[in-house]
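What follows is a short report on a single structure.
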Amino acid sequence: MGPPSLPKVTHESNCTAAEDIFNLVIKESATATGKLHFLFLGSMKRRNPARIQDLIGLIHTDYPPALAEDWDNVGLQVGDPAAPLERVLIALDVTEATLAEAESCNVQAIIAHHPLIFRPLKSVTPLDPNSRLLMRAISANIAIIAAHTNLDCGADGLNDWLATRLGIEDAQPLQGAALPLYKLVVYVPVGHQQAVESALFAAGAGTIGAYDHCSFASAGTGRFRPGATSTPFIGTAGQDSTPAEIRLETIVSAECVTKVIDKLRKAHPYEEPAYDLFLLQNRRNDLGLGRIGRLPQALSLHDYARQIAAALGTNSLRLVGDPQRLVRKVACCGGSGTSLLFAAQRQGADLLVTGDVKYHDARNALDLGLALVDAGHFATEVLMVAGLAGKLRVAAQARQLPVEFIESTSGQDPFLSIIP
Ligand SMILES: [Zn+2]
């Protein structure tokens, strides 16, 4: 005997109401297995009502805002983080068509790749197309969340999905992420190093690539004079102390720096722990923009371009370079990636696949001996809709968040190609 089969759910649009599914599961399970199952599912729904902020938490766990380029604007752009959430639409852009789709699917939020609010707003009036979209989203009570360059740079993010679609194997970031990293130096009295170090590691400090618990310790002598109102752990008010101390160094990423400093203060025995936090110039090589890897076998630029067109579902490609040249080491970047042209050439790529290639980019590529395929901004990024929906469905299920993720079908490339 297998699980009960669900009655067929029919809807006029492509959206399926999450609540309907829930009710059907409850009803069927109650018939098949008795009231116990009914009560379990019913109480699970009441215990975990999802909120917009839960959705933001899901997105930012894998694609933290700190990964975004500094010119970008990601995260919640419109809406109340505490508002309840049942259904989300995932789209490349927020357009009038996207909002109409969101309204017909009765979603409470849209996750878009391209930020609706990008440049500073001076006014919000119906005269401006973007403002009209903002006004419509607000009046329909639909939150807007942008996952842009944080999604581009993240592990298992847009550029990984693009590389996989293009048949690029063992893809690595083409340009390391400018994710802020800090060096934390703290001075700890001898005998307390382990307690402080453990607290820092537990808060997320000390991770370098596949290694964690990374630190360096050196012995020395501290000096301080406690003030009249102090209650020193070592020494006496008004008298210099020179205790044996350990200089403990470790690395901290931007997303956990606040927590690490908080734990440091709690674990350190001193009333006023002395610590330094240095912003580093290091870049993360395991995360970042674009990808570079190899095809299973060398292909002519012409043949590979045909393969790209089929993989991305587009009939409009532009090539730069000799169509008969062989390509094997391939770089890619969804959207506008010609800023990575020199990085691709430096790393020995035969070809860069991206969108929005301008005339002078093409000239530069020819001079560098690098082939280019311009597959279009839309075609190289629209795969984020299915990619992000799949990722968030798994994450929401793991956290028992009853949210339905709907993949937008209204997105269209604004460019049309005409073959005369
Ligand atoms: Zn884009």
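The values are calculated or read from the model by the stated rules, or taken from the named source; none is laboratory data. The structure displayed is predicted, hence computed values, not measured ones. In this analysis, Cβ positions are derived from the backbone assuming ideal geometry, glycine residues included, and neighbour counts consider all displayed protein chains.
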Query raised in the report: What number goes with the only condition from (1) modelled with pLDDT under 95; (2) surrounded by fewer than 20 Cβ atoms within 10 Å (Cβ to Cβ); (3) not polar (S, T, N, Q) that residue 201 does not pass?
Result: (1)
Query raised in the report: Out of all the residues in region 353-364, which are touching a Gly at 6+ places or on another chain (Cβ under 7 Å) and away from the ligand (no atom under 16 Å from the Cβ)?
Result: none
Report task. Search region 201-246 for residues being out of contact with any strand residue (DSSP E or B) (no Cβ under 7 Å at 6 or more places or on another chain) and not in a loop (DSSP other than H, G, I, E, B), and hand back the single one that is farthest from residue 263 (Cα to Cα). Result -> 211
Query raised in the report: Restricting the first residue to region 101-130 and requiring it to be under 29 Å from residue 405 (Cβ atoms) and aromatic (Phe, Trp, Tyr), which pairs with a second residue that is in a loop (DSSP other than H, G, I, E, B) and within 16 Å of the ligand (Cβ to nearest atom) meet a Cβ separation below 7 Å and a spacing of at least six or different chains?
Result: 118/73
Query raised in the report: Among the residues of region 68-76, is there at least one that is under 23 Å from residue 379 (Cα atoms), small (Gly, Ala, Ser), at pLDDT below 95 and within 17 Å of the chain's Cα centre (by Cα)?
Result: yes
Query raised in the report: For region 225-245, what are the residues that are within 23 Å of residue 184 (Cβ to Cβ) and out of contact with any Pro (no Cβ under 8 Å at 6 or more places or on another chain)?
Result: none
Report summary line: The number of residues in region 321-346 that are under 18 Å from residue 295 (Cβ atoms) and away from the ligand (no atom under 16 Å from the Cβ) is 13
